[in-house]
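Student: Supplied in structure tokens, the structure appears directly below.
Any read-out appearing in this document is the output of simple, stated calculations on the displayed coordinates, not a laboratory observation. Just so you know, these numbers come straight off a predicted model, no measurement behind them. No Cβ is skipped: glycine too gets one built from the backbone with ideal geometry, and neighbour counts run over all protein chains shown.
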Ligand SMILES: C[S@@+](CC[C@H](N)C(=O)[O-])C[C@H]1O[C@@H](n2cnc3c(N)ncnc32)[C@H](O)[C@@H]1O
């Protein structure tokens, strides 16, 4: 059984909010293991599935979770049920204004959320990087495009992204994200890839039958998947 499969009972509309974040995080941690007792920030943690995975599958001794749409109390109640509330600390916060000290975290993880707040030049350096210790790392994965389509969109993907809650401005290619992350001597992108778990992560989401998942599945059947990817980056902060 894969590490992600151990969490199958939670792959439901109660916890999933998009392509399965547990599958995505499991693949990212295979590429870039977190093996020591570290302090982690799970940024944009949603309903806390990735925080549960980090608590059980890494040696982290403190995991702060920060999310905007989901309240700290809701996540705290769930962390107690999962018996991880001794190490997972839920915070309700906007990534634009995170309430943490500089160089507080060994690792920042952001799964299926970075695209909502970090899609502009300078955001990463100004808002995220300062929170990471020298020598620490940032693990990012999110849905995106195989190639930039902005300005020359095929109608199908435009229709999908401009649904009830428009996601048009958040979906970009790996090359686009690479340039927006703006590597410099303070930090390097040490790993970047299109993730292998694309099919299964989206299929888990469709199987949840969440109303948004039903709509996404319809558009996948029509062919939007051929424009899409799951994009992963690992960034290391220099010593
Ligand atoms: C699609 S959900 C994914 C949640 C979770 N990471 C997962 O994969 O299950 C996107 C998450 O990004 C978070 N988010 C969006 N904008 C944010 C912001 N400005 N600051 C913090 N979190 C944000 C939302 O609160 C939401 O939980």
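Student: For residue 184, all conditions in the list (1) more than 30 Å from residue 103 (Cα to Cα); (2) more than 21 Å from the chain's Cα centre (by Cα) hold save one; what is the number of the exception?
Tutor: (1)
Student: Additional query: Out of all the residues in the stretch 13-34, which are farther than 21 Å from residue 129 by Cα and out of contact with any helix residue (DSSP H, G or I) (no Cβ under 9 Å at 6 or more places or on another chain)?
Tutor: Residues satisfying the conditions are 14, 30.
Student: Which condition from (1) within 14 Å of residue 46 (Cβ to Cβ); (2) buried (at least 21 other Cβ atoms within 10 Å of the Cβ) is the one that residue 117 breaks?
Tutor: Evaluating residue 117 over (1) within 14 Å of residue 46 (Cβ to Cβ); (2) buried (at least 21 other Cβ atoms within 10 Å of the Cβ) leaves (2) as the failure.
Student: Could you tell me how many of the residues in the stretch 132-143 are more than 13 Å from the ligand (Cβ to nearest atom) and surrounded by 17 or more Cβ atoms within 10 Å (Cβ to Cβ)?
Tutor: 4
Student: For residue 169, are the conditions met, namely being surrounded by fewer than 17 Cβ atoms within 10 Å (Cβ to Cβ), in contact (Cβ under 8 Å) with a residue 24 or more places away in the chain and more than 10 Å from the ligand (Cβ to nearest atom)?
Tutor: yes
Student: Among all residue pairs at least 6 apart or on different chains, which show Cβ distances below 6 Å where the first residue, located in the stretch 8-25, is farther than 11 Å from residue 112 by Cα and the second is part of a loop (DSSP other than H, G, I, E, B) and within 7 Å of the ligand (Cβ to nearest atom)?
Tutor: Listed pairs, sorted by first residue: 15/47.
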